[in-house]
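J.: Before I ask anything, here is the structure I am working with.
No lab work stands behind these numbers, since they all come straight from the coordinates. From a predicted model like this one, the values you see are computed outputs, not experimental measurements. Here Cβ is always computed from backbone atoms with ideal geometry, including for glycine, and neighbour counts include all displayed protein chains.
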Amino acid sequence: MSNHATTHPSHDPDVLSLILSLGPSRDTVSDVKEDELLTMGAFPLECIPRLTPFALTLSHFRMRHKPVVVLYAPETRTPLMHVSHAKCRLEHVSQQVFLQRLFQIPELTSYDIEVPTFRPERLRGLVARNVSVALIMRGELPSVIQFVAALEEAAIKSLVIYFRRNQYEILCGAGRVDFSSSIQLEPAAFKNLHTVKLREDEPYKRYSDIPLAVTLRPLFSLHQLEDVEFEVVQSRLCVRDHDIEQIALAWRDIRRLVVSCAQCTSEPPTLDGLYILADSCRKLEELVLPQLDLKNLGKTIKRRPPKVPPPGSRGHPLRVFRITRYSRTRIEDAQAVSIAQCIDSLFPNVDIAQSWKHDNSLEAILGDWYLIWVNITAASALRKVAPSRVSGLPFDVELRKY
């Protein structure tokens with residue numbers, strides 16, 4: 001595997017194009033997208049005060065840098081004096097030395113970095129203690145993981161990864177695990193990291209599956225994560241009970257878990273996955289899954305049939321529960337009732353108004369989840385209307401009374 005960039009490097013080896021643009025940090029313009037910022041123009045490094053140390057480093061190596069585009073928010077009066085976010089493109093692993101010098105500038109606190117394809121080996125360490133706000137990464141996922149694993153003393157609070165699939169993964173064979181999957185991020189290097197978002201950025205359809213737990217494995221060592229989002233748009237996503245179990249074991253303090261995709265494999269998680277999350281992740285407040293097996297309900301529901309929570313009990317704190325992929329009705333009414341009772345028993349605090357989102361289309365009304373949510377609404381209403389009469393008993397016993 002080549003460790004050259006997928007983009008073309010500068011024709012002049014003495015002219016660096018590491019920094020593509022500079023602008024306000026994500027903490028000061030948190031809701032402003034890059035295309036909503038204003039462009040001040042392209043400036044030599046020497047005209048940007050905060051980059052003076054970096055310009056001196058390049059002079060020491062007898063190198064120059066291409067002019068850098070400076071972006072700014074409309075309310076900023078002196079953009080050149082207040083740049084704190086750098087968008088960079090690493091064209092070759094040898095440019096790490098210059099990126100390390102850039103990381104030493106204390107005023108640059110957030111980065112957007114595109115990486116090339118690296119060889120399957122650990123990279124040289126990069127001290128990133130000044131990267132204290134956010135880090136956005138772009139590139140093939142194995143190379144992104146290699147780069148992030150090389151960071152030391154990173155103080156970032158959030159990590160966003162726009163990833164492409166490994167271009168050689170088909171040649172590796174279906175049974176081979178990618179090198180990056182064997183990497184575990186060092187917890188001591190990411191003490192402040194609580195939010196991670198991974199989003200597929202493939203331009204075309206991919207016909208091989210993405211296994212959720214295998215893809216997230218390098219992050220499982222970061223037990224402090226509270227907000228994890230995983231979005232796939234071009235590939236099929238494999239989410240099974242095993243994947244849910246691995247997530248629950250790794251991130252017991254997670255508060256928000258969002259997994260979405262355009263297409264799933266034929267082996268979705270069962271209700272067993274919900275039992276696992278309810279038992280292990282006692283701080284979970286928002287759960288979004290692409291689908292749930294509505295025919296095979298799993299084994300746990302037979303051992304632990306749903307029971308109405310006793311009055312006054314706080315129950316699990318989950319407030320938002322959503323399934324993103326709906327399907328036409330295939331299940332019997334009794335099956336829908338069983339699923340609804342289980343969800344209401346495990347997560348009695350679910351806010352139905354926030355969770356049940358549909359467009360009143362014929363497809364939504366005829367879907368399985370329309371019927372399930374009607375029954376969840378009924379179960380929730382029953383608990384509120386007559387809490388003393390339904391506490392602690394099996395759902396099916398109580399529903400037969402009405």
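J.: What net charge is computed for the residues neighbouring PHE98, neighbours being all others with C-beta under 14 Å from the C-beta of PHE98, Lys and Arg scored +1, Asp and Glu -1? Display every interim value, and only then the final one.
T.: Details: positive: ARG62, ARG64, LYS66, ARG89, ARG101, ARG124; negative: ASP14, GLU91.
Charge balance in the 14 Å sphere: +4.
J.: What percentages make up the Cα-Cα pair-distance distribution of segment 204-248 when the bins are 5 Å wide from 0?
T.: The calculated distribution, bin by bin, is 5, 19, 29, 24, 14, 7, 2.
J.: For the chain, report the translational diffusion coefficient in µm²/s to the nearest whole number, using Stokes-Einstein at 10 °C, 1.306 mPa s, and a Kirkwood Rh over Cα pairs.
T.: Rounded, D is 67 µm²/s.
J.: Let me understand segment 90-238 better: what is its radius of gyration from the alpha carbons, and its Dmax, in angstrom?
T.: Just the Cα atoms of segment 90-238 yield Rg and Dmax of 14.9, 45 Å.
J.: May I ask for the distance between the Cα centers of segment 251-318 and segment 91-157, given as a whole number of Å?
T.: Each part reduced to its Cα centre gives a spacing of 35 Å.
J.: Counting just the Cα atoms, what span does segment 283-352 cover along each of its three principal axes? Round to the nearest Å and put the largest first.
T.: 36, 26, 19
J.: I've got another one for you. How far is it, in nm, from the label point at ARG319 to the one at ARG303 when both lie 7 Å from their Cα along the line to the Cβ?
T.: 3.3 nm
J.: With no solvent and one point per C-alpha, what does the Debye sum give as log10 I(q)/I(0) for segment 116-168 at q = 0.15, 0.20, 0.30, 0.31 Å⁻¹?
T.: The calculated log intensity ratios at q = 0.15, 0.20, 0.30, 0.31 Å⁻¹ are -0.41, -0.70, -1.20, -1.23.
J.: Largest first and to the nearest Å, give the Cα extent of segment 227-307 along each principal axis.
T.: Each principal axis gives a Cα extent; for segment 227-307 these are 39, 30, 18 Å.
J.: Can you say what percent of the DSSP beta bridges in the chain, counting only those with both residues inside, are antiparallel? Round to 5.
T.: Counting only bridges with both partners in the chain, antiparallel ones make up about 20 percent.
J.: Also: Taking amide H atoms as placed 1.01 Å from N in the peptide plane, list the residues 5 or more away in sequence, or in a different chain, whose amide H sits under 5 Å from that of CYS261.
T.: Amide H neighbours of CYS261: VAL232.
J.: Would you work out which of LEU56, LEU18, ILE183 lies farthest towards the positive end of the dipole of the chain? Charges go on Cβ: Lys and Arg +1, Asp and Glu -1.
T.: Ranked along the dipole, the leading option is ILE183.
J.: Which value, in debye to the nearest 20, describes the size of the charge dipole of segment 119-399 about its Cα centre when Lys and Arg Cβ atoms bear +1, Asp and Glu Cβ atoms bear -1, and nothing else is charged?
T.: Its charge dipole is roughly 340 debye.
J.: If each residue of separation counts as 0.36 nm, what is the full-extension length gain between PHE220 and LYS157 once their alpha-carbon separation is subtracted?
T.: Extra length from PHE220 to LYS157 when fully extended: 21.0 nm.
J.: What ³J(HN,Hα) values, in whole Hz, does the Karplus curve 6.51 cos²θ - 1.76 cosθ + 1.60 give for segment 248-260 when θ = phi - 60°, with x put for Gly and Pro?
T.: 5, 5, 7, 10, 5, 9, 5, 10, 9, 10, 10, 10, 9
J.: Rg over Rh of segment 165-307, using C-alpha atoms and the Kirkwood radius, what does it come to? Walk me through the numbers on the way to the answer.
T.: Numbers: Rg = 15.7 Å, Rh = 16.2 Å.
On the Cα set of segment 165-307, Rg over Rh gives 0.97.
J.: Quick query: amide H of VAL127 versus all other amide H atoms, modeled in the peptide plane; which residues come in under 5 Å with a sequence gap of 5 or more or a different chain?
T.: Result for VAL127 returns GLU152.
J.: Report, to the nearest 10°, how far helix 271-280 tilts away from the longest principal axis of the Cα atoms in the chain, using its own Cα long axis and a range of 0 to 90°.
T.: So the inclination is approximately 70 degrees.
J.: Provide the convex hull volume over Cα atoms per residue for segment 286-327, in Å³.
T.: Cα-based convex hull of segment 286-327, divided per residue, equals 104 Å³.
J.: Answer with one residue from ILE331, ILE254, HIS316: the one whose Cα lies farthest towards the positive end of the charge dipole of the chain, charges on Cβ with Lys, Arg +1 and Asp, Glu -1.
T.: HIS316
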